[in-house]
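Written below as structure tokens is the structure these notes are about.
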Amino acid sequence: MPLRPAVRATGRSTGRLSGHFPGHATGHLAAHLTGRAPGQFRPPARTSRAVDLTFGAGGTRYARVWLINLLLTVLSLGLAWPLARTRRMRWLVGHTVVDNHGLEFHGRPWALARVGWTVLALTATGAAGAWYAPAPAGVAALLLSALLLMLLQPALWWAALRWRIGNTRWRGVQFHFSATLTEAYQAWWPLWPPTLLLLAGVGGLFTTQFGGTGGHAALRLSAWTAVAVALVAGLALLPTVAARVVRTRQGNYRFAGETSWNESNAADFSRLCWRSVGLAAAGAAALALAAALGGSGWAGHQRGNASGLWAIAFAAPWALAGAVLLVVAWAYASAGMFNLAWGQTRSSGLRIRSHLRWQHTASLALQHGLLLALTGGLYWPFARMSALRQRLHALAIDSKVDPQLWIAQTRAAVTESGVRS
């Protein structure tokens, strides 16, 4: 299938390009770069080589950006969040180095403001209605806001991706996100039925809570049943939705004539999901046992029973084991999702390999959790940079063609398009 990305060079005119660039324009530019006559230039052989990917800043510098963004967001009551987000993206992207050339980010806050302010307005409306309006009307306002957020979420996700990817450049050539709004809704819509059922169940529970006590036993049972069925159905659909979302996101990157695709499937995500759920369930069970032992031990201690202290001491290892299992479950899911998203992403000229290990992710998360607790959360910028470096180091990019040839072809095609226009 021919590739037709829209490529724009910095400060130049734009043009629609096919996957086959004009031979004479490429030959003249390549001849200029190599110092040969146009007829003597021959394209290089398609030999694979590694593309370096590094991050060139530390936590101390990011802490200043994070602190200013936090103050902007808090003092503006969230209205300056798009500006803070844009500053953060410009800093992070600008310090990411690909093949000895830094990325560039040229996004503007206003384009992101429409996404952020929509979410803020719906959330604030629902919260204000639930807090200030009478019980039935407040619940209705809260549920209506949640319903609108559910309907708009795919569009907001799509718009945020287009803003982030479409404003990123490397060596003057722009990235593009080619997925359509329809594809975004196709990826997310399977979660709508369980979400609607969940909202209906929550609405029924609020109705039985504030609508009196007579004749509501059957409604309460139906509401709890709806909530339980919605949660189980949502969990069962989660691997399918994750696969759809990842393929939609990873399969629509375009750069210099290259179009990505993702080779993961729902079975990969199902295995990852159920193993993660099993680990999380074991952790939750250990925490529940610790809570039961600790509660009974404390009650016995209050009655003067000496064995109560032993029960509390016996509960501590179970609590620690449960917390560690929950961290391991998160690390296993996070590392697995990262590997499926990036390790299965390909293009005709690029192959990406991802080898992020969940053991390293869990170890780093435990270290960060301890340091965040000891510093009262002030370690967050340093934890963010450490986690980012770990993920970048887990990626290996192999290119079949020297990226310099892609840049030369793209600039030659843009130049010829400008001359013809």
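The values are calculated or read from the model by the stated rules, or taken from the named source; none is laboratory data. All of these numbers come straight from a predicted model, not from anything done at the bench. Note: ideal-geometry Cβ built from the backbone for every residue, glycine included; neighbour counts use all protein chains shown.
Side notes on the structure shown:
- Wholly within the stretch 314-421, helices (runs of 4 or more DSSP H) carrying at least 2 residues that are touching a residue at least 40 places away in the same chain (Cβ under 8 Å), in contact with a Cys (Cβ under 9 Å, 6 or more places away or on another chain) and buried (at least 19 other Cβ atoms within 10 Å of the Cβ): none
- Long-range neighbours under 7 Å by Cβ, at least six apart or interchain, first residue not assigned by TED's automatic domain parsing to the domain that holds F269 within the stretch 226-244, second of a type in the set (S, T, Y): P239/S270; A243/S264
- Restricting L272, L191 to those that are farther than 23 Å from R351 by Cα and under 19 Å from the mean Cα position of the chain (by Cα) reduces the list to L191.
- Of all residues in the stretch 45-95, those being surrounded by fewer than 17 Cβ atoms within 10 Å (Cβ to Cβ) and among the aromatic types (F, W, Y) number 1.
- Condition check for V401: more than 27 Å from V51 (Cβ to Cβ) and at pLDDT below 90: no
Residue by residue, here is whether (1) modelled with pLDDT under 90; (2) over 25 Å from the mean Cα position of the chain (by Cα); (3) not assigned by TED's automatic domain parsing to the domain that holds I68 holds:
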| site | (1), (2), (3) |
| --- | --- |
| L356 | no, no, no |
| H360 | no, no, no |
| G377 | yes, no, no |
| W380 | no, no, no |
| L388 | no, no, no |
| A394 | no, no, no |
| E416 | yes, yes, yes |
| V419 | yes, yes, yes |
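- The set of residues in the stretch 120-139 being surrounded by 18 or more Cβ atoms within 10 Å (Cβ to Cβ) and in contact (Cβ under 8 Å) with a residue 24 or more places away in the chain consists of V139 alone.
- For first residues located in the stretch 67-82 and of a type in the set (S, T, Y), partners that are at pLDDT below 90 and part of a helix (DSSP H, G or I) and lie 6+ apart or on another chain with Cβ distances below 6 Å form the pairs T73/W81.
- Test: residue in the stretch 164-178 that is over 30 Å from A408 (Cα atoms), small (G, A, S) and outside the structural domain of V97 (by TED's automatic domain parsing): no
- Scanning the stretch 249-288 for residues that are crowded, with 18+ Cβ neighbours inside 10 Å, in a helix (DSSP H, G or I) and not hydrophobic (A, V, I, L, M, F, W, C) returns R249, Q250, D268, S276, G283.
- Residues satisfying the stated conditions in the stretch 366-375, i.e. more than 22 Å from the chain's Cα centre (by Cα) and among the small types (G, A, S): A373
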